[in-house]
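Here is the structure we will look at.
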Amino acid sequence: MAQRQPQPSLRPPARGWRPATGWRLAGGGLALAVLGSLALGPALRFSALALNESGDPTEAAQPTQVTLPEDPSLPRLADDRHYPLVPADPAELAALLTAVETALRDPTTAAEQLPRLGHQQQVIYRQLSQQPAQSEAVLAALDPAWRGVAERHLAARREFLTMQRRSRPLAALPAWRIIPPAPAEELLAHYRKAAAATGIDWEVLAAINLVETGMGRIDGVSVANAHGPMQFLPTTWAQPGVGAGDIRDPHDAIQAAARYLVRRGGLQDIRKGLWGYNNSDYYGRAVLLYASLLRDDPQAYIGLYHWEIHVNTVAGDLWLPVGYTQNGPISVSAYLQQVPASGPPR
């Protein structure tokens with residue numbers, strides 16, 4: 001990203017959190033797909049942050065570098081990326097997660113590193129969410145402030161896992177295109193414009209965009225016939241005062257989502273508005289957890305923006321990278337023969 005506002009602190013966010021006013025914790029056709037566990041054998045390696053610790057204020061800060069775990073034997077995409085690896089040792093994993101979370105908030109981190117860092121962050125939380133004992137050990141090894149961040153990530157992911165507990169893993173992948181999202185600053189401007197116009201918090205809109213289509217990466221129609229980056233049914237879009245413009249345009253869809261949340265009572269109780277978006281308390285709690293991360297630390301947006309598309313299949317947690325294009329369903333096994341790098345390491 002060319003610019004990131006506001007600039008983050010290298011200190012972790014304050015420990016603990018409370019939902020914003022109206023966010024009391026007690027729709028979307030693609031959310032379950034957007035929103036794993038591996039025993040990794042190869043030796044994994046990573047470094048701590050390479051920060052300027054000279055104490056000399058006249059010395060230019062060196063760009064942050066995090067060496068992510070590598071395995072040269074794994075299949076790779078054309079851009080040389082392989083499926084992110086997650087260390088099995090809790091202390092090692094906690095150190096990696098701390099380095100990744102810190103680098104995602106560090107203004108000296110090179111822009112070209114952000115996609116890999118965000119994807120690493122995502123895969124760590126996806127895997128830990130299904131490993132209760134491992135996740136507890138990792139949380140215990142984290143700094144208390146980072147622990148609060150990780151706890152919310154895991155809680156949000158587990159809401160979606162509970163929501164889909166009766167769904168079978170996919171044997172065939174959907175007829176989607178995975179495309180690059182709109183620039184991060186552009187999406188942020190859309191969220192804030194909608195918030196200013198309606199009173200719906202921008203963080204809620206960003207969280208919905210994340211869980212529905214990975215902030216616009218999924219270009220496809222859901223099984224419920226929902227369309228566009230905010231997953232509107234055409235009939236909902238056509239309601240007076242909701243849809244305007246192009247259902248597939250990020251700006252138009254985000255503005256419409258805010259208006260729809262208002263219509264469903266979101267200004268009085270955001271949970272009620274989210275229920276109108278997706279009739280599930282699990283969905284609402286997960287969205288508000290992600291929104292709380294953004295509210296408490298807007299720089300958390302950088303990591304979430306760079307999350308990739310993963311789907312739960314009979315072959316595990318498959319990664320569908322940008323460039324995935326299927327005009328019709330394709331079996332998981334046939335797809336993995338074509339793109340083995342999409343499969344989790346065994």
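Readers should treat all values here as calculations from the given coordinates under stated rules, not as data from a laboratory. The structure presented is a predicted model; accordingly, all values stated were derived computationally and were not measured. In this analysis, Cβ positions are derived from the backbone assuming ideal geometry, glycine residues included, and neighbour counts consider all displayed protein chains.
Net charge near Ala195, counting Lys/Arg +1 and Asp/Glu -1 over other residues with Cβ under 13 Å of its Cβ? Working shown, then result.
Details: positive: Arg192, Lys193, Arg259, Arg295; negative: Asp201, Glu203.
Neighbour charge sum, excluding Ala195 itself: +2.
Measuring spread by the Cα atoms of region 180-225 yields a radius of gyration and Dmax of 11.5, 33 Å.
If you split all Cα-Cα distances of region 206-275 into 10 Å bins from zero, what percentages do you get per bin, shortest first? Each 10 Å bin holds this share of Cα pairs: 22, 56, 21, 0.
R0 = 30 Å: FRET efficiency of Asp79 with Ala175, Cβ-based, nearest 0.05?
0.80
Between Ser333 and Leu267, the distance separating the two model label sites (each 7 Å from Cα on the Cα→Cβ line) works out to 5.6 nm.
Does region 143-299 classify as rounded, prolate or oblate by the C-alpha gyration tensor (a ≥ b ≥ c root eigenvalues; a/c under 1.5 gives rounded; else a/b over b/c gives prolate, otherwise oblate)? Intermediate values should be presented prior to the final figure.
On the way: a/c = 1.40, a/b = 1.11, b/c = 1.26.
Cα axes put region 143-299 in the rounded bin.
For Glu70 and Ala197, the FRET efficiency from 1/(1 + (r/R0)^6), where r spans their Cβ atoms and R0 equals 45 Å, is about 0.45.
Taken one residue at a time, the phi angles of region 122-133 give Karplus couplings (6.51, -1.76, 1.60, θ = phi - 60°) of 4, 5, 4, 5, 4, 6, 5, 4, 9, 10, x, 5 Hz. Gly and Pro are set to x.
Remark: region 242-309 carries a charge dipole of roughly 340 debye about the Cα centre, counting +1 on each Lys and Arg Cβ and -1 on each Asp and Glu Cβ. With bins 10 Å wide beginning at 0, the percent of Cα pairs of region 132-222 falling in each bin runs 13, 29, 34, 22, 1. Amide H contacts of Ala172 (H built 1.01 Å from N, in plane; Pro and chain starts excluded): Val332 sit under 5 Å, all sequence-distant by 5 or more or on other chains.
At the listed q of 0.23 Å⁻¹, the Debye profile of region 243-346, built from one uniform point per Cα, gives log10 I(q)/I(0) equal to -1.17.
Distance between the 7 Å Cα→Cβ label points at Glu112 and Thr235: 5.0 nm.
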